[in-house]
Every structure is written in structure tokens, then in C-alpha cells.
Amino acid sequence: MSASGGLSRRRVPAATSSSHAAHNDDDDDTTGNGHSRTASRSNTPPMMQHAGSAFEGGGKIAFDPRDLQQDAGEEAKIGGKMPRLTIMEEVLLLGIKDKQGYLSFWNDNISYALRGCILIELALRRRIALVKDPNRRRMLIADRIIEVVDDRQTGETILDEALKMIKMQQDVEKLSINAWIDLMSGETWNVMKIGFQLKQVRERLAKGLVDKGVLRTEKRNFLLFDMATHPVADVRTKEGIITRVVTLLTSTTSALPPAALDKEGTQCRVLRAVCLVCAAYTASVLDNAFGRLGYEEREAAFQRCDEILGEFVVWPFGGGVGGSGGSSTPATAAGRRRQASRIASGGGLGEVSGREVVLGLVQEVRKEMVGGEEDVGFELVAGVLEVLSKLDSLI
């Protein structure tokens, strides 16, 4: 009896005597009739050949139907499936150099912006929202108070840590959007709240991308010390992010191109696209996506991003300072400097604004709201973008 034959028989629950008899029958068939045992095994059902294995024809893999029902209920509640990468991971991926595997040493904005993206991601996943107080409209949007509305874990370590921290603190005192971004960034003089700082966010996000197969880990020598770097392993994923960003910022039609969005069925995919370009812009990594664009196209893309940010830092969305016609004033200091430079050089006065495109984007985001202007989750997103738009003045 061959080793393969013995292995298949040992996995089938049968009596020893019957197995021995079957073995003798196989030997008789082989010697008497000239047929090999391979032919007899071909008539054996696949379930018997691969019993208890995960190969084709093998045993079934057990699962709990309640898990599938829970996932379906979660998707229905939040409006779709979760994307493969979070907004923080996509922003970090745009900033990382492909071959070197590290961020620019001169970028001081990205750490603060990533903390804001944590709040955005939690709000989009319907874990946190603003307190539903009618008097909140009297306060600046960045000073409105955050509360936890669903304390279930998300499966992302950093998000769960931040969610637990907000949940614990709200039993003592509920804090504002601006306060939470400052605390998680370590921007506080209160020694009693220094423990709210989220440490090593960039490194932890990079290791998460390594686990997802997007980055890999290498060790590089920087003169006096060695440092772990994370070059891009999955170039296709990063190229997909760049394509979405460039398509959104260079579109010339009011209809939103499908290439500017994540896969169909992704939860809040239009607002996620908006948050990605705005967060990347305030984190000073957006220009890394414009390597394939010329100078004029780059400037037009930056102007478009300024206009988008200007419409999404207010609540309700679309109530930017530009009103219903004409081009809006840039929301960031860098955008205002860029606009002044264009006007000084004789450009920008006769340019056609992409406001129709931006307003079309606003209409698509409004379709994703739950409860219209009473969607306190989306209102929180507007508050975070408002804080990030002032990043040049804060850092």
C-alpha cells in the first residue's frame, strides 16, 4: 500500500477491519485484473479523498451565521462596506517616498493632520458625533462638543484606542473638536491631560500598512544610526490612490467621475474622497500625487482643492464664503498666497472657476447624509476640516 493511499484511508472514519479488507481488495485488483489503485481511487468521492482538509473537494469550513448577520447589519447601519485602507493610511501612503520608505523630515503638518483624520474616520464609521444641542450653532464649529454614540471596536488599533479615550473622558468632561485634536497631538500645557497624546502614530500606521501588504520593512543607515523604513511594496494600491486624487481635482464636468471614488458599495465613498484630498492638502503631501502633471495643471489642481476645502469647512456643506456664484476665497493661508501670486502675475482674473464641479461634489455628499442638516456625524467632519484648514497658522 502506497503512502498516499494509506493517508487517504486514515482520514476516513472507518473500522480497522473494513479498512484492512479494502486494502486486500485493492491488492487483489492490482495483481489479478491489472488495474492500478489509482483507478480505484478515481471512483472514490472527493470528500473521502480530502476529508478534513481545506483543499478543493475537502471538508466545509465552519462559520457562525450570526457573524454574517452582524456584518450585514453593520453595513446597513453605516451605509456600506468599510474600505481596505483608512483615511489616515491613505494620507500617510501619499507622503511616504516609494523607494526610500520614509516621510520628508521637513513636514511638520502631517502628524497634526493624522490626528484629525482619526476623528474623521471615527465619525464616518458612526462611532462619534457632535452633541445634539440646539445651542451648538451659536459656537464656532471647531468648538462644538464631541460624544461617543457607539463604543463598539472598529478593528483598527489606533481608532479603538482613540475611541476608548474619548469614551472614558466624556464621563468626566466632554471636549470640543479642537481640544481633542490638540490633546491627541500633545499640544497642551495641562500635565493632567498629557496622557491623551497618541504616540508614534506614523510608525504604527506604517506597520499596519505592512500587515496589509502595502508596505514592507527595511533597515537603512543614516550616518550615526539605523532606522526602520517602509518602502512601498504594493505599487498598484498607491497608484490607485493617486489616480483617485488627480481625477477628482482635474475633472472638468459637474458629474463626478467614477475613477475619483473608491469601489462601488464603499461606505460614504464621496465624502471619503473629499476628506482624502483635503487632509492630504493640509498635511502637505498632496503635491506628491501631482508628479505626472505640468505646472499649470498643478496650480489648477491646488486651486480646485482650495475651493473644495472652502465648501466643506462650513456647516451645512456648500455654504462657503464664495456664495452661490463666482469663485470662493481659499480656505487656507497657502491658498490665499497662491491666489495672490496668480493675480500678481496676471493670471487668475480671466480663468473659469471650477465652482460648478465643486457644487456637484457637494450635492453628491448631501445624498450620503443621514437626516440632512441634522447629521451630527458629518457636521463633526466639517469641524475637523475647519481645524486642519488653519494648520499653517497653528504650526
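Show me 188-194, 260-266, 356-362 ranked by packing, highest mean number of other Cβ atoms within 10 Å first.
356-362, 260-266, 188-194
Based on alpha-carbon atoms only, what is the radius of gyration of region 170-262 relative to the globular estimate 2.2 N^0.38 Å?
1.59
Multiply the residue gap between Glu264 and Arg292 by 0.36 nm, knock off their C-alpha separation, and tell me the result in nm, one decimal place. Walk me through the intermediate numbers first.
Working: separation 28, 0.36 × 28 = 10.08 nm, distance 2.62 nm.
Gain in length upon complete extension: 7.5 nm.
Using a ≥ b ≥ c from the Cα gyration tensor of region 251-290 (square roots of the eigenvalues), is it rounded, prolate or oblate, where a/c under 1.5 gives rounded and otherwise the larger of a/b and b/c decides, a/b for prolate?
oblate
In nm, to one decimal, how far is the modelled label at Leu140 from the one at Asn221, with both set 7 Å along Cα→Cβ?
Using points 7 Å along Cα→Cβ, the separation is 5.0 nm.
Need the full-extension length gain, Thr253 to Trp189, defined as separation in residues times 0.36 nm minus the C-alpha distance. One decimal, nm.
18.2 nm
Past 26 Å, Cα to Cα, is the threshold; run Lys167/Lys367; Lys81/Lys367; Lys167/Lys238; Lys164/Lys193 against it and keep the listed order.
Lys167/Lys367; Lys167/Lys238
Under the classification rounded if a/c is under 1.5, otherwise prolate if a/b is larger than b/c and oblate if not, where does region 110-159 fall, given a ≥ b ≥ c as square roots of the Cα gyration tensor eigenvalues?
The shape class here is oblate.
Report the extension gain between Asp171 and Glu374 in nm, rounded to one decimal, defined as 0.36 nm multiplied by the number of residues separating them, less their alpha carbon distance. List each step's numbers first, then the result.
Numbers: separation 203, 0.36 × 203 = 73.08 nm, distance 2.41 nm.
Difference between extended and current length: 70.7 nm.
Applying a 10 Å radius around every beta-carbon, put 117-125, 169-177 in order of their mean neighbour count, most first.
On the way: 117-125: 25.8, 169-177: 15.4.
Descending packing order for the listed peptides: 117-125, 169-177.
Does region 150-203 classify as rounded, prolate or oblate by the C-alpha gyration tensor (a ≥ b ≥ c root eigenvalues; a/c under 1.5 gives rounded; else a/b over b/c gives prolate, otherwise oblate)?
oblate
None of the figures in this text is laboratory data; all of them are computed from the coordinates on show. Just so you know, these numbers come straight off a predicted model, no measurement behind them. FYI the Cβ positions are ideal-geometry reconstructions off the backbone, even for glycines, and counts take in every protein chain you see.
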